[in-house]
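The values are calculated or read from the model by the stated rules, or taken from the named source; none is laboratory data. Everything numeric in this text was worked out from a predicted model, so none of it was measured. Glycine also receives a Cβ, built like all others from the backbone with ideal geometry; neighbour counts cover every protein chain displayed. These area figures cover heavy atoms from the full protein model, side chains too; ligands, DNA and RNA do not enter into them. Shrake-Rupley method; radii C 1.70, N 1.55, O 1.52, S 1.80 Å.
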Amino acid sequence: MNIRRANERDIAGINALLYQVHRIHAEGRPDIFRLGNKKYNDEELCAIIANVTTPIFVAVDENETVLGYAFCIYEEVKNNPSLMDRKTVYIDDLCVDATRRGEHIGTALYDYVKEEAKREECSAVTLNVWCLNEGAMRFYEKCGMKPLKVVMEQELLL
């Protein structure tokens, strides 16, 4: 397995995984997510891949088949009167193909993101995880992450 920056040749493999992630969310919260869709279209993926501040890292096998990905966004706070200057990498999405889970691909991707973040002089790795995705929550906790803040919700009957 090799981990590298994604390129346009990886879009088909990335799309397959985007559908897998979206399905988990749509099945868990059909009131929010539309079943059968995905987060980005091909044009948006091309723009993300081309942008140096939004790297997508892919784990690929010897045939260049995408096994997993990590969508990242470098974020920086500077000269904010109430916040300290800080550079972080935000993991917008991390997915491993459902057929390859348990092979430590996700851990390898996460570790790769951490090393890239250190090279970019980031002070932290951040992400959001849906409470419905208990497997992902356990995975991130095993990686050493802990809650930074919590978004709360009270559904209203209409």
_Segments classed as strands (runs of 3 or more DSSP E), wholly inside region 1-120, with at least 2 members that are of a type in the set (Asp, Glu)_ = 66-77, 86-96
*Any idea how many residues of region 71-89 are open to solvent by 40 Å² or more (accessible area, probe 1.4 Å) and either closer than 17 Å to Ala136 by Cβ or β-branched (Val, Ile, Thr) (or both)?*
2
*Do you know which residues across region 101-128 are farther than 17 Å from Phe57 by Cβ and either open to solvent by 60 Å² or more (accessible area, probe 1.4 Å) or modelled with pLDDT under 95 (or both)?*
Arg101, Gly102, Glu121, Ser123, Asn128
*Residue, nearest to Arg5 (Cα to Cα), within region 106-158, restricted to residues that are aromatic (Phe, Trp, Tyr) and touching a helix residue (DSSP H, G or I) at 6+ places or on another chain (Cβ under 7 Å)*: Phe139
*Can you tell me which residues in region 110-126 are farther than 15 Å from Tyr140 by Cβ and polar (S, T, N, Q)?*
Ser123
*In this structure, does Met137 turn out to be touching a Leu at 6+ places or on another chain (Cβ under 8 Å), surrounded by 15 or more Cβ atoms within 10 Å (Cβ to Cβ) and at negative phi?*
no
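Okay, residues lined up against (1) over 25 Å from Arg119 (Cβ atoms); (2) surrounded by fewer than 17 Cβ atoms within 10 Å (Cβ to Cβ); (3) at pLDDT 95 or above:
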{"residue": "Arg5", "(1), (2), (3)": "no, yes, yes"}
{"residue": "Tyr19", "(1), (2), (3)": "yes, yes, yes"}
{"residue": "His25", "(1), (2), (3)": "yes, no, no"}
{"residue": "Gly28", "(1), (2), (3)": "yes, yes, no"}
{"residue": "Leu45", "(1), (2), (3)": "no, no, yes"}
{"residue": "Thr54", "(1), (2), (3)": "no, yes, yes"}
{"residue": "Val58", "(1), (2), (3)": "no, no, yes"}
{"residue": "Thr65", "(1), (2), (3)": "yes, yes, yes"}
{"residue": "Tyr69", "(1), (2), (3)": "no, no, yes"}
*Could you list, in sequence order, all residues of region 96-138 that are under 22 Å from Ala26 (Cβ atoms) and either among the small types (Gly, Ala, Ser) or touching a Gly at 6+ places or on another chain (Cβ under 6 Å) (or both)?*
Val96, Ala98, Gly106, Leu132, Gly135, Ala136
